[in-house]
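Quick notes on the structure that follows.
The values are calculated or read from the model by the stated rules, or taken from the named source; none is laboratory data. Source: prediction; values computed, not measured. Cβ sites come from the backbone with ideal geometry, for glycine too, and all protein chains shown count toward neighbours.
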Amino acid sequence: MEQDRPKTLLFSFGYKYGTPLDAQLVFDLRALPNPFWVAELRQGSGFDAAIAAYVLESAKGAEMLALLTPLIHRGAQFWADAGKGRFTAALGCTGGRHRSVAMVIAVAGHLRQLGLDAAT
């Protein structure tokens, strides 16, 4: 029986701290532009508007967001259709502070617009 609003958890992690073992999907975002190498952005996080814009408005960031959103959405639906509990997707970058945080927030917002119960 298909669930109307599959429960989905998105979280950010840093590869330098290890890869999560309990996620259904794990995505590597280290190929996206890295705010760490921009002096005025280094100290912030993906919660900051300037950093989110730097990551998400880049060509690669925009494309990654466009690809991840439907993939995670459909994965969560498959998981719910199978009668499973919460679906978890982990998005990682080097330290888990800039790129992955910005992407998790953006993907979660898009998933909510699509009717998913998405938490970060």
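From the list A118, A76, A102, A80, the one residue that fits, being over 25 Å from G14 (Cβ atoms), in contact (Cβ under 8 Å) with a residue 12 or more places away in the chain and small (G, A, S), is A80. Quick check on F47: is it under 13 Å from the mean Cα position of the chain (by Cα), under 18 Å from I105 (Cα atoms) and either surrounded by 13 or more Cβ atoms within 10 Å (Cβ to Cβ) or modelled with pLDDT under 95 (or both)? Criteria not met by F47.
Among the residues in region 55-73, are any in contact (Cβ under 8 Å) with a residue 24 or more places away in the chain, of a type in the set (G, A, S) and within 16 Å of T120 (Cα to Cα)? No, that holds for no residue. Mind listing just one residue for me: the one in region 86-116 that is surrounded by fewer than 17 Cβ atoms within 10 Å (Cβ to Cβ) and of a type in the set (D, E, K, R) and, of those, farthest from A39 (Cα to Cα)? It comes out as R86. There is no residue in region 16-25 that is crowded, with 18+ Cβ neighbours inside 10 Å and closer than 11 Å to H98 by Cβ. Checked against the criteria, P33 does not count as within 16 Å of T8 (Cα to Cα), at pLDDT 95 or above and surrounded by fewer than 21 Cβ atoms within 10 Å (Cβ to Cβ).
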